[in-house]
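Trainee: Please find one structure pasted underneath; my questions will follow.
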Amino acid sequence: MRFLRRNADETAETTTEDAPAEVNPADPSRTPGKGRPTPKRREAEGKRRGPVPPPPRTQREALKRSRGNKVSKEERRAAAVERRQRMMAGEDKYLLPRDRGPVKAYIRDVVDSRRNLMGLFMPLAILVFVALLVPMPSIQQYATLLTTFMLLAMIVEGFVLGRMVNRRVRLKFPSDTTRGLSIGWYSFIRASQLRRLRVPKPRVSPGDKV
């Protein structure tokens, strides 16, 4: 019987606390106050979300949390493919820092609009490697001689191409402060690559006017 009296007392106290305030008979239209200030929105959201978890104390705990926030392999693969496609398309945001800017885009267009002997540099290197594997001194000598002439021709062509691209860049972008050596080297590197392997992809065809 004692616990029944205790439950009755607790029920009465709860009812008293939860009961709304009495309406003032002098002014029935006035809503009585709640007796406490209204909590701010930030405080209410914080109570709903719960307390902020403490920082990780060990490296294992930090690694476990990071694994829980990682995206799936399919999402990472799809994001990488999208970045690759945008980079190959020449979007400035996704290019490497060395390839960004209108000046570099113009240099690429000038180089891509020409047929360069330097584009045979990689096939020539493969040819020399194969010739060295052939156990015939005569073939090795001819391959060495051909490689020497080709390299000399490529060096001359790269020098002429660098001067030409520098002149056109100065005319089109008179306020640009890029050094001439940097422009020439960028042109040489672009021209020495195979056309289908250039990044980003060429926007013009050989013979087009830029």
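Trainee: Which loop-located trypsin sites (Lys or Arg not before Pro) does region 168-210 contain, where loop means any DSSP state but H, G, I, E or B and the Cβ has at most 15 other Cβ atoms within 10 Å?
Mentor: Values: sites: Arg168, Arg170, Lys172, Arg179, Arg190, Arg195, Arg196, Arg198, Arg203, Lys209; in loops: Arg179, Arg198, Arg203, Lys209.
When the trypsin sites (Lys or Arg not before Pro) of region 168-210 are filtered for loop state and at most 15 Cβ neighbours within 10 Å, Arg179, Arg203, Lys209 remain.
Trainee: Pop out the ³J(HN,Hα) list for region 137-153 in order, Karplus 6.51 cos²θ - 1.76 cosθ + 1.60 with θ = phi - 60°, rounded to Hz; leave Gly and Pro as x.
Mentor: x, 5, 5, 5, 5, 5, 5, 5, 5, 5, 5, 4, 5, 5, 5, 4, 5
Trainee: OK, next. Near the amide H of Arg198, under 5 Å away, which other amide H atoms are found, from residues 5 or more places off or on another chain, if H is placed in the peptide plane?
Mentor: Under 5 Å from the amide H of Arg198: no residue qualifies.
Trainee: Once you order the gyration tensor axes a ≥ b ≥ c over the Cα atoms, which shape class does region 166-210 get: rounded for a/c under 1.5, otherwise prolate or oblate by comparing a/b with b/c? Please report the intermediate quantities before stating the final value.
Mentor: On the way: a/c = 2.59, a/b = 1.52, b/c = 1.70.
Oblate.
Trainee: Another one. Need one value: the accessible area of Val160 in square angstrom, 1.4 angstrom probe, rounded to the nearest 10.
Mentor: 90 Å²
Trainee: Taking 0.36 nm per intervening residue step and subtracting the Cα-Cα distance, what contour gain separates Met164 from Ala80 on full extension?
Mentor: Details: separation 84, 0.36 × 84 = 30.24 nm, distance 3.67 nm.
Additional length available on full extension: 26.6 nm.
Trainee: On the accessible surface of region 144-210, probed at 1.4 Å, how many percent belong to carbon and sulfur atoms? Before the final figure, lay out the partial values.
Mentor: Numbers: 2990 of 4620 Å².
C and S atoms contribute 65 percent here.
Trainee: State whether region 114-210 is rounded, prolate or oblate according to the following rule on the C-alpha gyration tensor (a ≥ b ≥ c being the square roots of its eigenvalues): a/c under 1.5 gives rounded; otherwise a/b larger than b/c gives prolate, and the remaining case gives oblate.
Mentor: prolate
The values are calculated or read from the model by the stated rules, or taken from the named source; none is laboratory data. Worth saying up front: this structure is predicted, and the values here are computed from it rather than measured. No Cβ is skipped: glycine too gets one built from the backbone with ideal geometry, and neighbour counts run over all protein chains shown. The area values use the complete protein model at the heavy-atom level, side chains included, leaving out ligands, DNA and RNA. Shrake-Rupley method; radii C 1.70, N 1.55, O 1.52, S 1.80 Å.
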